[in-house]
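Structure first, commentary second.
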Amino acid sequence: MNVRGLAVAATNITKVTLIGSAFALLGAAAACGSSSSPAPAAQTEDTSNLDVGELPCSLKTQFGAAGGDGMCILPPPADKGFQFHYGPSDYNDAAEVAKYTLHPGGEVTDCVFFPTPNSTDVYFNTYHARMRPGSHHMLLYIQDTVEPETGSSGPVDCNQGPDTRNLFGSQTPTLDVVGNAYGAPENNGFAVKIPAHQQGVMQLHFINATAHDILREAWANVLYTPEADVTQIGDPIFFVAGVSMDVKLGQTTVIHGTAPVPSDASPDFRLVSGTPHYHTHTTRFTAYATIGGVQQKILEEFNPLHTLPEPKLYYFDSVMKNTPSNPAALTSGAASGVLNMKPGDHIDWECQVTNDDVPQGITFQNAVYVGEMCNMFGIYGPTDGSPWSAPNL
């Protein structure tokens, strides 16, 4: 069963900090300067304010600008970082393109596997992600389990195991993350580590709601940060609830999950960010933090039934000022401030799921119109050496 879904891709462009989006929330082989990488774009626009990880390509395919050709970004120089690429290795090979073509009405979640190119441990606090239209989510992660190399044979089943560790993901077609952009002092020197020679995985979820074929493709650039600049390492939170859910037709059910703070948590342990993940039958997602025996609501989202949600990413630091949710007005929001926690404290979350149109019942699955998930992603720090995971049946 696949439990690695992220949130629905919105259509807006998002620029955030590493602190808020390293869940976040994760194809073909990595396009690390390979011969299949597109040629540099002609300088028809001012790119002087862009870093080496977000320079555009001059890609032109049969899918055109409306199909997302303009989303392509070049790989960074090998000494600056590397690129993950999900998509055709040869756009002139009809059979290769067909592996990534999604017909009208189709919905697919799958993965590509590749070795990461770093021969030593590296750290990052900046990355850029791009996805073609029809994207639902992107997820990049590493795992100990070695998969057979697929090369240009196309994407395959994801087959995640308990050793999975998220690197980052995207809910939006365009995502640019630049370190501690908001300047919260407690987040200075914060970065995520990628050990040497890892089994990399890139997962993509696409839905084709159009009347024509679309191309499933995405690019993600990781930019290194010098180890000397790293003073604290973060890791993802991976909270999952409702794995055994079965919401019958005509029922409304509240799915619950809980995540205790790890027993070996650092004295300055904190939840740095959080984002919900749910589908079209969830009308309310609420998360709480119980700290020192006192419960407080930390985020809440409302979504109209049958509407593709656009979950937000919420930061909990000394700089970001969030607008609280308003249940009476059904407006979403979050608490503000640093969420320091310690062993004995916990995060709880819940999803209100209504089934008014799925005769077979709503179960936990990566299908946004007939299945549901009640998950929460984000990042915590400093790390205890592993993700903060909380699977709930």
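What pairs come up if the first residue lies in the range 92-118 and is under 22 Å from A196 (Cβ atoms), the second is of a type in the set (A, V, I, L, M), and their beta carbons are under 6 Å apart, counting only those six or more places apart or on different chains? Close Cβ pairs (under 6 Å, with a partner that is of a type in the set (A, V, I, L, M)) amount to C111/V201; V112/A28; V112/M202; F113/V201; F114/A29; F114/A30; N118/A196. For V319, the stated conditions do not hold, so it cannot be described as over 28 Å from Q232 (Cβ atoms), part of a loop (DSSP other than H, G, I, E, B) and not assigned by TED's automatic domain parsing to the domain that holds N208.
The residue that is nearest to F82 (Cα to Cα), counting only those in the range 50-67 that are part of a loop (DSSP other than H, G, I, E, B) and hydrophobic (A, V, I, L, M, F, W, C), is V52. Examine the range 335-348 for a residue that is more than 19 Å from I379 (Cβ to Cβ), crowded, with 17+ Cβ neighbours inside 10 Å and either of a type in the set (S, T, N, Q) or in the same structural domain as Y278 (by TED's automatic domain parsing) (or both), and state whether such a residue exists. No: the range 335-348 contains no residue that is more than 19 Å from I379 (Cβ to Cβ), crowded, with 17+ Cβ neighbours inside 10 Å and either of a type in the set (S, T, N, Q) or in the same structural domain as Y278 (by TED's automatic domain parsing) (or both). Checking each residue in the range 284-319 for being under 21 Å from the mean Cα position of the chain (by Cα) and over 18 Å from I347 (Cβ atoms) picks out F302, N303, T307, L308, P309, E310.
What residue, of H197, H205, is assigned by TED's automatic domain parsing to the domain that holds H103, within 23 Å of Q365 (Cα to Cα) and out of contact with any Phe, Trp or Tyr (no Cβ under 7 Å at 6 or more places or on another chain)? Walk me through how you get there before you give the answer.
Numbers: H197 fails: within 23 Å of Q365 (Cα to Cα).
So the residue among H197, H205 that is assigned by TED's automatic domain parsing to the domain that holds H103, within 23 Å of Q365 (Cα to Cα) and out of contact with any Phe, Trp or Tyr (no Cβ under 7 Å at 6 or more places or on another chain) is H205.
Per-residue answers, yes or no, for (1) under 30 Å from Q143 (Cβ atoms); (2) modelled with pLDDT of 95 or more; (3) buried (at least 17 other Cβ atoms within 10 Å of the Cβ):
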| position | (1), (2), (3) |
| --- | --- |
| T323 | no, yes, no |
| P327 | no, yes, no |
| E350 | yes, yes, yes |
| G361 | no, yes, no |
| Y369 | yes, no, no |
| G378 | yes, no, yes |
| N392 | yes, yes, yes |
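Only one of the listed residues (A191, A209, A228) is more than 15 Å from the chain's Cα centre (by Cα), outside any loop (DSSP other than H, G, I, E, B) and farther than 25 Å from N340 by Cβ. That residue is A228.
The single condition from (1) within 16 Å of the chain's Cα centre (by Cα); (2) in the same structural domain as S332 (by TED's automatic domain parsing); (3) assigned to a loop (DSSP other than H, G, I, E, B) that P262 fails is (1). How many residues does the range 330-346 hold that are under 18 Å from D317 (Cα atoms) and among the hydroxyl-bearing types (S, T, Y)? Qualifying residue count for the region: 1.
Looking at the range 343-369, which of the residues that are polar (S, T, N, Q) and assigned to a strand (DSSP E or B) is farthest from the chain's Cα centre (by Cα)?
T354
The values are calculated or read from the model by the stated rules, or taken from the named source; none is laboratory data. Small disclaimer: the values here were computed from a predicted structure and weren't measured. Note: ideal-geometry Cβ built from the backbone for every residue, glycine included; neighbour counts use all protein chains shown.
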